Each structure stands twice: as C-alpha cells, then as structure tokens.
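A short worksheet on the structure shown next.
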Amino acid sequence: MAKVLIIDDDKMICDMLSRMVGRMGHDAAYTLTLTHGMKEVSSGTFDVVFLDVCMPDGNGLEVLPKIREASSSPEVIIITGEGDPDGAELAIKSGAWDYVEKPLSIHEMTLSLVRSLQYREEKGTGKPRVALKREGIVGSSQQMRACFDLLAQAASSDVSVLITGETGTGKELFAQAIHDNSRRADKNFVVVDCAALPGNLVESMLFGHEKGAFTGADKAHVGLVKQADGGTLFLDEVGELPLSVQKAFLRVLQERRFRPLGDKQEIESDFRLVAATNRNLDQMVEAGKFRDDLLFRLRSFTMELPHLRERRGDIREIAMHYMARLCDRHATGTKGLSPEFLETLISYGWPGNVRELVNTMEKVLATSGDDPILFPKHLPTNIRVKVARDSVSKEPPAKSIPKPHEPVKALASLRDFRMAAASEAEKEYLQNLLSLTEDNIKEACRISRLSRSRLYELLKKHKISIPG
Amino acid sequence: MNLIFYSRDTEAIGDQLQRVIESIETQAINEVELHRTIDSLSRRLRRPTYDVAVAVLLAATKEDLLDMLSIRDLIRNLRIILVLPDTEDATIAQGHSLRPRFLTYADSNFAEVAGVLNKMLGNTEG
C-alpha cells in the first residue's frame, strides 16, 4: 500500500483525488496550503505527492526540489490550472514525474499514479546500487543527484546518449563516467573533438582510409570509429560535425558498419556512442545545419547538465575539493577558505561554470603566496566587482534610491538607478492592484494580465502578503 | 595563452613536429614552452595550467609513452594533441587513456597536426 499526499487549495480536487487513491487501495492525505504540505512531506513517508502550482502561500514549482529531497524521495505529479510550456519544462527539469493540466481526468490521474508507483517499485527492487565512478564530478545537490541517476541508467545500457549543457558544465567528465561505469570500461574511450577537426579531415579521421585513397594518404590509417570497437566513441561538440559527414555517420550509427575511404570492404565496429554539445541542435535542424534524423538517433537518451548557478549549494564542496587537489598537485601547504571567500564564490554567477570555478581556484592558489587562509581579496578583481555590483542592484536601500527630481550627491550607474526605480514602481503597482481588487487574486490577474503563478511570484519578491 | 610542446626526440621527427608548431601563425599563443624531459614536463604541470591553450606531446618511442602514462593525472587536465610511436592496438589503447583531442602517429608528415592546431587555436574557448 502506497502513501499519497495531495497538496491543493481546492478542497473538491483533494476529495476527488483522495477517493481515487482510496479506490486503488492506497492511503491518501491532503493539505490545502504549501506550508502544511511541506510539514507533512518532511515528517511523513510519502511515495507520491500530487502538487498544485498556484497555492495561496506560494508557487508549488518552487518547493518541488525540496519535496524531492525529502527522505522518502517521493515522486511528484504536478497539477495545474494554468499550464504553460515554461512551467512544464521547469517541472520536469526539477524532477517531477508528470505535469497534468486541470480539469483533471480520473483516467489520466490514475494512469499517472500507477506508472509512478510502478517505477518506484522497480527502482526499489532493482539491483543494489554500487558506488559510481565519477572522477572529477563533484556535487550532492538535487540536480546533481538526478544527473547521477541518469548516469547510472545510461551506464547500464548501450543506448546512445546526448549530453547537453553550457560550456564548462562537465560534459566530457560525464561521458567518461558513463564509459567507466559501463560494461565497455576495459575498452577504448575514444574522444572525437568535432570542433578541432578541419572539415577535410573529419571523414578520414572517423572512418579511416586506405593507402592512396586521397592525395597525401601515403599509409593506410585505422579510423576512430574502428578504434572505439568494443568501447565508447565520444563525439564532443557534435553540432560542429559537417553536414556531409552527418549523413555518413547516421548510417554507421544505424548499421555499425562502414567503409574506410578507398577501401572496397566494409568493416564493423561495435561502439557505443556518447555525444555532447552546448549548441541548440533543434535550432540547428531548423536552420538546416543539422540533420533531424541524426538528432533523433542521438536523442535516444539525453542528459542535460545544470549550470553551476542553478546548483549554488555545490559550490562550497567543489571549491574545497579542487583546492585540496590543487594544493596537493602544486605541493603547497593546505589552504583554508574563509567564510567570506566561500560566500563570494557562492554569490558569483559563474558564466563559465565549473571550469571557470576550477580555473579561478588555480589562479587564486598561484597568487596567494604563503597566505594560509584565502579571503575575497585573493579572488580576481572582475569576480569581486561583479559580486559587489550585483549585491547593490539586488537590494537597493529604500532611502538611497534617488527620485528623478531630487538632487543627488553621488549618482548610481544608470543601470542600477533604472533597476531600482523599476522595482519600486512594480511594488507600488502591486500594492495598488491588491488594494483596488480587495485582494481578489482572480480579479488582480484579469486587470494586470498576469498569470496566477507570475503574480504570486511578484508578490513574494516584494514581500507583499495577502490576508487569509 | 601558451602552448606546451613535449618532445624527448631531438632527431628528425621531433624537429619536424617543432617546425610545424612554430609555423602556426596565431595571436592566440604567446609562447611555446618546450620540454625535453618528462621531469621537466611534470614540474611544469604542477604549476598552474589555466594559461595553457593546448599541449602537443610527442611519444617517439614506447618508453616515451610509458613516461607520459606515469603522469597521466596531470596530463588529462589539458587539451592535448598526442603523437604515438606506432599503430599497434595496445599503443593506441594507451594513447586513448590520455584522452587526447587529436591523435596521430610519428610516421605521419604532421600536416594534419597543423590543421588541427589552427582550428583549435581559433576555438580556444572549447
């Protein structure tokens, strides 16, 4: 018997779902607010949570990661009255099992619940988990745990994998980890840097060639696809693969057979493909720069690696891990990281992701000399300046915002001034809106033309509470 | 950014590869750092490498390759172009364990190394 929690401010929905869950032979409980729901989740052992997005005391999507982090790691089925593609994407990326729009169909809800419980059961009865080899991949955030789950799934099969993510998120490390944890680990992991190969070399490098196949081919050459036989072929920056080669590679992917340039015989290669890109391949398909049939094949299994700014909770662990490693490598004494140093790292946006963080730690180590403890002053100036500017623009002191008609002694930058003024105006508008509608959210949404979730988000941002 | 070139071989192959590297015309590289011994390379890699755009490593013999494997943990942090001494399966497997971005052989004319270096140095952000 499974335990199911329903978090929805509509009592009729709660009753309807409770009856449905009961008829299926499971236990149901419900709460009408997010606050109570979170208390239930943290104290209970729920298998599945039905979660409404627009709640009177917050947005369900914002607490979804916390629910997934609960000790029972419940599956979450999002139910919403105002479905939108962005919300659906956010929900799935945050680990939701399903995203269902109201009005709810009993059939659809039953199916979703059955499937989530099936998955949970299989997960529970599966082979005992073994420690994953994941050299250089650091983090224990919910986002990274979800990635490790995918990594384990990918490693246990031979399916083609597409890893996406911004530059510096660790795509190659994940590709290597998939290989290291797979049955192919004792064979070659062959890296093909598609961005580094000149167009005229790609085909011969991938497929190999016979002697005399083209001008300059004075010796036969075994291609990388064959070198990956029994192992893993990693196509890094796959978006850079020339269109002409994409067609040939698609066939290799389908048949695992190909003919080296100038050869009359086809040869086989039992390779497993992992590809990675920071490009938007869908846009490239639309622009005619990437084949949709190849993309379809690559997408058999996808992993999207999170930006570092999406998992700031991991920054401390990454910084400490790499600082210890770098100190060891550079044979310097161990250096301590002050709380202020870590705070600055956590506040920075890291556009270059983990790679930028690691490079920064290395720079800091190089410039800190014999200092045993690192402080923010040891960080590169550009990082400290960015953090300082962001802290000013995020929290403008109310009295320091210069009114347009008031003389000012020290002008802020135009950008900061504009942001502060816009924020003030937005807050004033929301206060007037609620006053005018007497806190009627539906009416406020109609007048403002905001969705409920967006309105709640803005109210939360400006710390405006609604009575009741 | 700098380019690291490791070559214990001072004979024809090493010289030929060095000429290829030095013929690359790019503003992306400030300096080519030449290392003739594995100890020298190892010491260099124990210093910060955030300013290293790419490393070209020539294993003219199997012993050279074994030397490189002995400092694999230092080398794997770099973008490397690796030149292997032969095309035996075991040699190629050892080469791939260093995760090179491009792999070629000592008996080639290195024209493709020039092409790859040119492309890489125009794409140093990776």
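The values are calculated or read from the model by the stated rules, or taken from the named source; none is laboratory data. This structure is a prediction, so every number in the text was calculated from the model and none was measured. Backbone-built Cβ (ideal geometry, glycine too); neighbour counts: all protein chains shown. Protein only, heavy atoms only, side chains kept; ligands, DNA and RNA dropped before computing areas. Shrake-Rupley method; radii C 1.70, N 1.55, O 1.52, S 1.80 Å.
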Check: Hey, does segment A:86-107 have a residue that's more than 24 Å from the chain's Cα centre (by Cα), surrounded by 14 or more Cβ atoms within 10 Å (Cβ to Cβ) and more than 30 Å from A:Y322 (Cβ to Cβ)?
Finding: yes
Next item on the list: Tell me which residues, restricted to segment A:429-453, are outside any loop (DSSP other than H, G, I, E, B) and among the aliphatic types (A, V, I, L, M).
Entry: A:L430, A:L433, A:L434, A:L436, A:I441, A:A444, A:I447
Notebook entry, point to check: Given segment B:1-83, what helices (runs of 4 or more DSSP H) lie entirely inside it while holding 1 or more residues that are surrounded by fewer than 20 Cβ atoms within 10 Å (Cβ to Cβ) and among the small types (G, A, S)?
Noted result: B:12-22, B:38-45, B:62-70
Checklist line | Close pairs from segment A:304-333: first within 14 Å of another protein chain (Cβ to nearest Cβ), partner assigned to a helix (DSSP H, G or I) and surrounded by fewer than 15 Cβ atoms within 10 Å (Cβ to Cβ), Cβ under 9 Å, at least 6 apart | finding: A:R329/B:D73
Checklist line | Selection count where residues are open to solvent by 10 Å² or more (accessible area, probe 1.4 Å), within 11 Å of chain B (Cβ to nearest Cβ) and either under 28 Å from A:K289 (Cβ atoms) or part of a helix (DSSP H, G or I) (or both), scope segment A:222-242 | finding: 6
Checklist line | Of the criteria (1) among the β-branched types (V, I, T); (2) within 10 Å of chain B (Cβ to nearest Cβ); (3) open to solvent by less than 10 Å² (accessible area, probe 1.4 Å), which one A:V202 fails | finding: (2)
Note to self: With the structure loaded, tell me whether A:S156 is within 22 Å of the chain's Cα centre (by Cα), under 19 Å from A:F301 (Cα atoms) and either in the same structural domain as A:A275 (by TED's automatic domain parsing) or open to solvent by less than 50 Å² (accessible area, probe 1.4 Å) (or both) or whether it fails that test.
What the structure shows: yes
Margin query: Being of a type in the set (S, T, N, Q), surrounded by fewer than 16 Cβ atoms within 10 Å (Cβ to Cβ) and not in a helix (DSSP H, G or I) is the filter here; which residues of segment A:1-35 pass it?
Written below: A:T33
Next item on the list: Please work out which residue is most open to solvent (accessible area, probe 1.4 Å), limiting yourself to segment A:243-272 and to residues that are within 33 Å of the chain's Cα centre (by Cα) and of a type in the set (K, R).
Entry: A:K247
Next item on the list: Within segment A:176-195, count every residue that is assigned to a loop (DSSP other than H, G, I, E, B) and either more than 9 Å from chain B (Cβ to nearest Cβ) or free of Cβ contacts under 8 Å to residues at least 40 places away in the same chain (or both).
Entry: 7
Next item on the list: Among the helices (runs of 4 or more DSSP H) lying completely within segment A:338-410, list those that include at least 3 residues that are open to solvent by 20 Å² or more (accessible area, probe 1.4 Å), within 14 Å of chain B (Cβ to nearest Cβ) and modelled with pLDDT of 90 or more.
Entry: A:353-367
Note to self: Checking the conditions here, which among A:T169, A:T164 is more than 9 Å from chain B (Cβ to nearest Cβ), closer than 27 Å to A:G313 by Cα and touching a Ser or Thr at 6+ places or on another chain (Cβ under 7 Å)?
What the structure shows: A:T164
Check: Tell me, which helices (runs of 4 or more DSSP H) wholly within segment A:41-138 include 3 or more residues that are more than 27 Å from A:I441 (Cα to Cα)?
Finding: A:106-125
Next item on the list: Report, by residue number, each residue of segment B:87-99 that is surrounded by fewer than 22 Cβ atoms within 10 Å (Cβ to Cβ) and either touching a residue at least 24 places away in the same chain (Cβ under 8 Å) or in a strand (DSSP E or B) (or both).
Entry: B:T91, B:Q94, B:S97, B:L98
Next item on the list: Among residues belonging to segment A:145-187 that are in contact with a helix residue (DSSP H, G or I) (Cβ under 9 Å, 6 or more places away or on another chain) and of a type in the set (K, R), point out the one that is nearest to A:L235 (Cα to Cα).
Entry: A:K187
Next item on the list: Could you tell me which of the residues A:S116, A:S105, A:S73 is modelled with pLDDT of 80 or more and at positive phi?
Entry: A:S73
